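Asks: First the structure, which I've put down as structure tokens, then a few questions once you've had a look.
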Amino acid sequence: MTTLLKINASLFSTQGQSSQLAERFVAARLAATPDLKVVSRDLAAEPVPHLDAARFLSFLAKPEERSAEQQAVVAYSDALIEEIRQADEIVIGLPMYNFGVPSTLKAWFDHIARAGVTFRYTATGPEGLLTGKKVTVFAARGGLYAGTPKDSQTTYVRDFLGFLGITDVEFVYAEGLNMGEESKSAALAAAHGKLAELADAAN
């Protein structure tokens, strides 16, 4: 059975444009593959705590020396990692806030990037341990940024996932959503067409 992990990063939960695009894609996948297992994580409904010194030190502590509080922190991170480890596909609904990724997504990233667990350092450099996965990112933006220096999201997300060993990453953009109804309608129509194409290819 194929497992798909869907991550919603919008502050507006399922009502965000990026979340709706991700959900539309997953619905198309399910229509053609009813036995697809979908695991959903909504970072607005269930925020991942932002990384602080205490949480980071919990990750670094030797297992036999962790306090109960530290063990709880590590167990939470382990559960997030297990979700992504079990997934064959990952779908991310990604809005742009102030030229970057939502802080809730960054918090999720910080909890799944663990040395010796999802990546390791070798004599030739870091090696990602979460290989063999396909990621589709639905990026919703109010303005037009793709392919410009102001699009910090695409490179950052690709680099982060690649660091963990995930290199098969596809972006679908819906841009200009705050530039009038005509621009919004055209952008969503183009994104819907692209996601239908990708869903058909995956099925």
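Asks: Show me, for segment 29-38, the HN-Hα J-couplings you get by feeding each phi into the Karplus relation (A = 6.51, B = -1.76, C = 1.60, θ = phi - 60°), rounded to Hz, glycine and proline as x.
Replies: Whole-Hz 3J(HN,Hα) from phi for segment 29-38: 5, 5, 4, 8, 10, x, 8, 5, 8, 10.
Asks: Express the C-alpha Rg of segment 1-48 as a ratio against the empirical globular expectation 2.2 N^0.38 Å, rounded to two decimals.
Replies: Numbers: Rg = 11.1 Å, N = 48, 2.2 N^0.38 = 9.6 Å.
The value comes to 1.16.
Asks: Percent relative contact order of the chain, based on C-alpha pairs within less than 8 angstrom and at least six residues apart? Intermediate results must be reported in sequence, preceding the final value.
Replies: Working: 339 pairs, mean separation 47.5, N = 203.
Relative contact order here is 23 percent.
Asks: When the helix-only estimate is applied to the chain (DSSP H runs of n ≥ 4, each -39,500 (n - 2.57), divided by the residue count), what is the mean residue ellipticity at 222 nm, nearest 500 deg cm²/dmol?
Replies: Working: 6 runs with 87 residues, N = 203.
Rounded to the nearest 500, it is -14000 deg cm²/dmol.
Asks: Between G180, G128, G100, find the one with the highest GNM mean-square fluctuation for the chain; connect C-alpha pairs within less than 10 Å.
Replies: Highest fluctuation of the listed residues: G180.
Asks: Given H placed 1.01 Å from N in the peptide plane, which residues other than close sequence neighbours of L177 have an amide H under 5 Å from its amide H?
Replies: Residues meeting the criterion, in which the H sits 1.01 Å from N, are R141, G142, G143.
Asks: About the Cα centre of the chain, what is the dipole size in debye to 20, counting +1 per Lys and Arg Cβ and -1 per Asp and Glu Cβ, all else neutral?
Replies: Values: 19 positive and 24 negative charges, 31 e Å.
Once rounded to the nearest 20, the dipole reads 140 debye.
Asks: Among D168, D35, D78, determine the one that fluctuates most according to a GNM of the chain built with springs between C-alpha atoms less than 10 Å apart.
Replies: Its mean-square fluctuation being the largest, the pick is D35.
Asks: Using amide H atoms built in the peptide plane, which far-off residues or other-chain residues are under 5 Å from K6 H to H?
Replies: So K6 has HN proximity to V39, S40, R41, V91.
Asks: Within a Cβ distance under 13 Å of L164, other residues only, what is the Lys/Arg minus Asp/Glu net charge? Show your work: numbers first, answer last.
Replies: Working: positive: R85, R114, R120, K133, R158; negative: D110, E127, D159, D168.
Every neighbour counted, the sum reads +1.
Asks: Leaving ligands, DNA and RNA out of it, report the carbon-plus-sulfur percent of the accessible area of segment 1-106 at a 1.4 Å probe.
Replies: So the carbon and sulfur contribution to the accessible surface is 57 percent.
Asks: Provide the three semi-axes, in whole Å and in decreasing order, of the ellipsoid equivalent to segment 48-135 as defined by the square roots of 5 times the Cα gyration tensor eigenvalues. Walk me through the numbers on the way to the answer.
Replies: Values: eigenvalues 103, 67, 35 Å².
One finds semi-axes of 23, 18, 13 Å for segment 48-135.
Asks: Right, here's the next one. With a cut-off of 8 Å between alpha carbons and a minimum separation of six or more residues, what is the relative contact order of segment 125-203 in percent? Before the final figure, lay out each step's value.
Replies: Working: 96 pairs, mean separation 28.7, N = 79.
36 percent.
Asks: Out of all DSSP beta bridges with both ends in segment 1-124, state the antiparallel percent to the nearest 5. Can you show the working numbers first?
Replies: Values: 1 of 13 bridges.
Around 10 percent antiparallel, to the nearest 5.
Asks: In addition: For A61, which sequence-distant residues (separation of 5 or more, or a different chain) have an amide H within less than 5 Å of its own amide H, given hydrogens modelled in the peptide plane?
Replies: none
Asks: Loop-only chymotrypsin sites (Phe, Trp or Tyr not before Pro) in segment 50-146, please: DSSP not H, G, I, E or B, and at most 16 other Cβ atoms within 10 Å.
Replies: On the way: sites: F56, F59, Y76, Y97, F99, W108, F109, F119, Y121, F138, Y145; in loops: F99, Y145.
Counting only loop positions with at most 16 other Cβ atoms within 10 Å, the chymotrypsin sites (Phe, Trp or Tyr not before Pro) in segment 50-146 are F99.
Asks: Also, quick follow-up: How large is the translational diffusion coefficient of segment 1-82 in µm² per second when you combine the Kirkwood radius over alpha carbon pairs with Stokes-Einstein at 20 °C and 1.002 mPa s? Walk me through the numbers on the way to the answer.
Replies: Numbers: Rh = 14.9 Å.
It comes out at roughly 144 µm²/s.
Asks: Here is a further query. Kirkwood Rh over Cα pairs of segment 126-178 into Stokes-Einstein at 25 °C, 0.890 mPa s: D in µm²/s?
Replies: Values: Rh = 11.9 Å.
This corresponds to a translational diffusion coefficient of 206 µm²/s.
Asks: Given a 10 angstrom Cα cut-off, can you work out which residue in S13, S185, S103 is the most mobile in a GNM of the chain?
Replies: S185
Asks: Taking the C-alpha atoms of segment 84-203, how large are the radius of gyration and the largest Cα-Cα span, Dmax, in Å?
Replies: Expressed in Å, the Cα Rg and Dmax of segment 84-203 come to 15.8, 53.
Asks: Still on this structure, please answer the following. Counting every Cα pair in the chain, what percent are over 24 Å apart? Working shown, then result.
Replies: Values: 8789 of 20503 pairs.
Everything past 24 Å amounts to 43 percent.
Asks: Count the lysine pairs in the chain whose Cα atoms lie under 17 Å apart, taking only pairs 8 or more positions apart in sequence or on different chains.
Replies: Numbers: K6/K37; K6/K106; K6/K133; K6/K134; K37/K133; K37/K134; K134/K194; K184/K194.
Final tally of qualifying lysine pairs is 8.
Asks: For segment 118-127, just list the computed ³J(HN,Hα) in residue order, Karplus coefficients 6.51, -1.76 and 1.60, θ = phi - 60°, integers in Hz, with x standing in for Gly and Pro.
Replies: Residue by residue, segment 118-127 yields 10, 7, 8, 8, 10, 5, 9, x, x, 10 Hz.
The values are calculated or read from the model by the stated rules, or taken from the named source; none is laboratory data. A quick note: this is a predicted structure, and the numbers were derived from the prediction, not measured. Glycine also receives a Cβ, built like all others from the backbone with ideal geometry; neighbour counts cover every protein chain displayed. Note: areas computed on protein heavy atoms with side chains; ligands, DNA, RNA excluded. Shrake-Rupley method; radii C 1.70, N 1.55, O 1.52, S 1.80 Å.
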